[in-house]
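The values are calculated or read from the model by the stated rules, or taken from the named source; none is laboratory data. The model shown is predicted, which means the values in this text are computed figures rather than measured ones. Ideal geometry is used to build each Cβ from the backbone, glycine not excepted, and the neighbour counts take in all protein chains shown.
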Amino acid sequence: MQSSDSDEDVDSPDGPGSSHIPPSIYVIKFRDGLAREAVEWLIEKIEAKHKYGGAELLVRCEPQKQGQGVSVHVSATKIKLLEVAESVELQKKAGSGLIQEFSVRDLDQFLYPGQTLDTVLTPAEREFCVRHQLDAIRAKQEEGHVPGYPEIKLFPGQSLVSVYLAEDLITDMFPLHDRQVLENLASRWYKAIFQAASFEEIRAYFGESVAMYFSFLGFYTMALALPAALGLLQMFWKRRCAELAYSWGTLDRVTPEESRPNFRGEMRQHPITGRFEPTYPPWKTRSKLYFVSAPAVCLCVLGSLWMMVVAFWAEEQLMDWKKRYGSLAGIFMHVPSALYAGLVWLMNFYYKKLATALTEWENHRSQKDYDWHRVCKLVIFDFVNNFSSLFYIAFYIQDMDMLCSQVATMLIFSERLAAFLRQHPLTAKFFHRVVKSVHTAPPEEEPVPVLALDPKDPRITQAKEEADLDPYEDAYEDYLEMFLQFGYVFLFSSVYPMAAFWAVLNNILELKTDAFKLCRIYQRPRVKKVGSIGVWQGAFEMLGAVAVITNCALLCLSPRVRPLAPSASPVEWVLIFVLLEHIILCVKMALMWLVPDEPLWVREALEKINYQSKLALRNERGKKTRRHLSRRFRSVHGMPRSGSRSRGTTPVAQNGGVRHRTPSRDYREY
């Protein structure tokens, strides 16, 4: 590895060989005592040219001290960021107002008034480009293991950064906040009581995944103001989601998706792109899913149901003992509920690890498939864990007063407690991550040869402060809270109508607390390009359908509604609500079928982009055709090139005289 910058690397005023160092985008902390060759090897890969399998990024090291792991700052030049933005087919708004694929050749189209080379890429897009380059560092065929660690095997095409993270060779890796941009965003977001930052500002800094969640939270809270509109929430949200996805350039396209960094398989040529990528038989993934993962999830769900039944049985036994032995047994009345609540929290914690491990083992090719199957496993278990007791009270015990009290308790107190547990730093460190044992190298006096930051550089202090923050994994916990709240409000609305009111108050507070959490409590999250809320869309639709059935059943069992039809027999009474439930579901399905998922202006914009792409391709093809014909027949539209004396003949000298040669065939005959 070279400790100095070569002349060919200096491509801009903020290049590696200049006095100005670009702002740090990522911070990578290597494990203390890590083998020197392992550190140098990865840094070489990060700095190396693309043709040698490198990322062509800039690396600067914090001052190295004895007994501390190496910490490096990763950044990129403006030119490199623009190159990566084009290679990942970044979709951006052009001067015409349409969303187009970013191209360096057409850079002027994206430099409309108000945009410069410094602002053409948002902070989120710069972070996305750098992370893409880091994930694109793959192991070659001849690289069988990590240098210095022969026990850590590598397969061709495997992401080296993912291996270092999985094996704890890298203890922390996070994007560094842009303090100035963050403060400007915070002043208009959680610090302003009667003001909210636009979703475009949130997307520009935190990315599409975070902005999509806050957009959904705001949309859902507005729908709660009119409980009757909750049934149409999914339909109108799809249209709103399509608008946001188009404006952000993340609307689903038919382009092939790249394989995720941890995807394992045999290196083969991709049938679409022609590049060599890891290949894994889909039938093996499906076999693991159907014959191992699905039974494991079912066993966990059955275990959760069994624990719930045991908790209720224990409470019934204590109630009987209270009647027999008096108040002495009443002291233990709440012990089963407390134990059950604690066990539910523990099961949720460890089941999340199990679901992640199973989904990783299934070896899904794309990140979208991986996220979909992982969240599906988690949603199924969380649904059973949180709502099984309510269904037990509603349809087995059939105590509506107890059900109303339980729904109110879980809606008001459980969600606030869950939010506190997620945000409080003590809970995040209660179950600390077990660090894998890998042998450490003896300390070396000579530091790793890489250019170092100035000891007084403020980024060093900022990196240490943000390293102590908890990482923000994804928006799963936030979506789960809204999913459970939607269930409490909608599943049992006929029993507890006030649920919507409490939910609105909770969400108004949630909008500010979640904003504060992202800006102050957690590390800067990794940017994820999303075009929708993913599997949660189907989960909310499923819950909406179940809510129609549940409320019709609760109304059928309610003694307050029975006097409305005193002459109806029990069978006729049940059939009335079965018919009502079918009518409501049919109307809901008809509305979802009649109303398109994409608004008219989005469809027209997509058609316009498609037409312009075909027109540009046709014009380019016409230019190539004319150049080809001109070179082959040396004429343009049947006219001879300059220097000819006539239209159809060309003078040729032969034996001291001149004769006229007539072309044998005209190009138009071809």
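Given the criteria at pLDDT 80 or above, outside any helix (DSSP H, G or I), touching a Ser or Thr at 6+ places or on another chain (Cβ under 9 Å) and not small (Gly, Ala, Ser), does residue 312 qualify? No, not satisfied.
Residue 148 falls short on exactly one of the conditions (1) crowded, with 17+ Cβ neighbours inside 10 Å; (2) small (Gly, Ala, Ser); (3) free of Cβ contacts under 8 Å to residues at least 60 places away in the same chain, and that condition is (3). Scanning region 153-181 for residues that are among the aliphatic types (A, V, I, L, M) and more than 21 Å from residue 71 (Cβ to Cβ) yields 154, 181. Within region 89-109, residues that are acidic (Asp, Glu) have Cβ atoms under 6 Å from residues that are part of a loop (DSSP other than H, G, I, E, B) in these pairs: 101/89, counting only partners at least 6 apart in sequence or on another chain.
Only residues that are in contact with a Lys or Arg (Cβ under 8 Å, 6 or more places away or on another chain) and assigned to a loop (DSSP other than H, G, I, E, B) were counted in region 473-501, giving 1.
Filtered by the rule that a residue be part of a helix (DSSP H, G or I), touching an Asp or Glu at 6+ places or on another chain (Cβ under 8 Å) and either closer than 25 Å to residue 467 by Cα or not assigned by TED's automatic domain parsing to the domain that holds residue 142 (or both), region 44-69 gives a lone residue, 47. Pairs only if they're at least six apart or on different chains, beta carbon under 8 angstrom, first in region 236-259 and at pLDDT below 80, second acidic (Asp, Glu) and exposed (fewer than 14 other Cβ atoms within 10 Å of the Cβ); list them, first residue then second. What qualifies is 255/89. The residue of region 70-94 that is farthest from residue 133 (Cα to Cα), among those that are assigned to a loop (DSSP other than H, G, I, E, B), aliphatic (A, V, I, L, M) and under 22 Å from the mean Cα position of the chain (by Cα), is 90.
Among the residues of region 301-325, those that are closer than 18 Å to residue 338 by Cα and β-branched (Val, Ile, Thr) comprise 309, 310.
Among the residues making up region 161-177, those that are surrounded by 19 or more Cβ atoms within 10 Å (Cβ to Cβ) and either more than 21 Å from the chain's Cα centre (by Cα) or at positive phi (or both) are 164, 169, 170. When the test is whether a residue is aliphatic (A, V, I, L, M), at pLDDT below 80 and part of a helix (DSSP H, G or I), residue 196 does not pass it.
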